[in-house]
Structure formats: structure tokens, C-alpha cells
Amino acid sequence: MKSILLTIPLVILTGCFNTKTTEEKIVKPIETNSTPNKTLSQKISDKNVKTYTREELLKRRQKSVSRTTCKTSYNNMLDNTSDDISYTQIQSSVPTTNYIPIYTEEDFVAEDVEPVHNNNIEQSELKDYIDTYFQQLQTLNTDGIVSMTYPKFFKPINENLFRQYINTILNSSQIAVESFKTNLIYLGDVYPYEGGEFAQIIYQSNITLNFLNPELYNDELSVRVLNNVLVNKYGQENIKINSTQRTINIKKEEKLLAIKERNEEWKFIGDNPTYRRYYPTVLPAGILSQI
């Protein structure tokens, strides 16, 4: 189940340690339904949503071509590490690189597909829903996240298990979430399909975790190994570990699909290889044919 909930960036650390959090460290969940309070009006169409354009994302280039995959887990590395191993040896075992997510034409709807005729108004309405959805993610509000998740996702995935996994993040004595921020990077055009509308979204998550358990990563070697494992996966510029304050900050870009079935509200589903395994089961054919 942990491999499914990739919309919530906490899961990016499951290969290294248990990423659950205590309720005391989470901002009190917002009591809300999924409908934004703002009434849609003509003024909405003038709202300026400042994000990257499709063209800007396509121009991105990887900073390093020497990126490799770490095949040794953190625990195995520690088990096989002698007490006098040097930091240089660790670095050679777990290569570090700078990394920027690369987007290609395949990540977007084809350019020749026409958006809906009132695209600006629909984008503005969607932006209000995105803001509300991000609030649910940032507070780990289980009910809010589930209510704004595309409901057909819960055909192959048991909703109760989905809820249980989110709740386990709130009940750990090991790790606490100090802060969880989201920043919208890309809001795509709104496209029609038979039965509704959809759009593509990219955002950056920025999460700071605090190590509550004093036995967890309590020596220089384990902190350095953890740092290198994460840097190899997410890039040097996206990882910051403060060994004095016992915190770790991780940035990661995430993709979403927003779907609005006719006469319904906007709902969201993760867009990554794990979620895409379920797309043929949960998404309408009119969307599948365009992404």
C-alpha cells in the first residue's frame, strides 16, 4: 500500500526509514468540503496563474548524465560497513548528482488537441480546487484527501486501506512532520473528453521531517549514508539534512491529473508509473487516448 500513495511525498522515504508522524506535529486538519468557497464569476477569468509554461518545462536539461541507481539499501549498507569506513568510500558506493526532472512531449497532451472553449475560466475554477486539495495534503487531512481523490481509483484500491495508510503517517514515535508545503509549477489547459474535462498539473512538494527517536540516525556515519542515498535519488539541491536540529528537508516534483466528470466537482489522481498501472481500469477511454 505504501507504494501506491505517491501523491503524498512522505512515501519517498520508505526505502530508508519509517515515515510516520505524530499528530502533535501536524497542523490541525482543515474542516472543509471539497468545494471552494469562492463563487465563480466573470472576474475569475482575469485571475493570473503564474506557473511554468509547457515550453519552459520542455526546455529543461539534466545537469548530469552520470546519474546511476543505488542498488544497495541503507540497512544493508550499514550491515556491511566496518566502523572505520571512510566517508569517501561511502560516497563512491552511493553516487551523488544534481538532478532536475526532465519533461518530454509524451508528458503532455498533444499540441494539436484543442482545449475547452472557456479554457481560462475553467483553469481559474480548477486553481481554486487545487488550492483546496493542497491544503488537505499539507495537513494530511484523511477525509479531505479521500474526498478529493478521483473516486474510481478506489475500485482497484481499497479505500479503507488507503485511509489506514494516511493515518499511519500521523501516529509515529519515530518521525514527525515539521512542515509540508506545496507549490504549483504547471497548470495545463483544460481539455474535453466524452463525459467531462481533464487537465494536467505539476507541483513541487517541500517537506521537513524531524527525527523524534534519539536512536534514529544518531551518529555521523548513518546520517551521511542517509544523505547520499537520498541525494542519489532526488539530487543534491533537493536534500538538506541538519544533524544538529535532527531534521531533513526534501523537495520533489509531483504530477497529477485533474478530472471533472459532467456536473461534478474536480477530483485528483497521481500521475506517475505506479498510478498509471491502474489507469486502464479507472480512467475513461477519452482521457486514456490523450495522455
With Val190, Val231 as the choices, which residue is aliphatic (A, V, I, L, M) and over 24 Å from Phe268 (Cα atoms)? Val231
Can you spot a residue in the stretch 101-111 that is of a type in the set (Phe, Trp, Tyr) and touching a strand residue (DSSP E or B) at 6+ places or on another chain (Cβ under 9 Å)? yes
Condition first: in contact with a Lys or Arg (Cβ under 8 Å, 6 or more places away or on another chain), in contact (Cβ under 8 Å) with a residue 40 or more places away in the chain, within 20 Å of Glu253 (Cα to Cα) and of a type in the set (Val, Ile, Thr). Can you find one or more residues in the stretch 105-114 that meet it? no
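Could you name every one of the strands (runs of 3 or more DSSP E) located completely within the stretch 173-281 that has at least 1 residues being among the aliphatic types (A, V, I, L, M) and touching a residue at least 60 places away in the same chain (Cβ under 8 Å)?
Counting at least 1 such residues, we get 175-187, 196-211, 247-261, 267-270.
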Residue, farthest from Glu55 (Cα to Cα), within the stretch 164-183, restricted to residues that are in contact with a strand residue (DSSP E or B) (Cβ under 9 Å, 6 or more places away or on another chain) and either at pLDDT 95 or above or polar (S, T, N, Q) (or both): Ser173
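The values are calculated or read from the model by the stated rules, or taken from the named source; none is laboratory data. Keep in mind it's a predicted model, so treat the numbers as computed, not measured. Methodologically, a virtual Cβ is constructed for each residue, glycine included, from the backbone with ideal geometry; neighbour enumeration extends over all protein chains shown.
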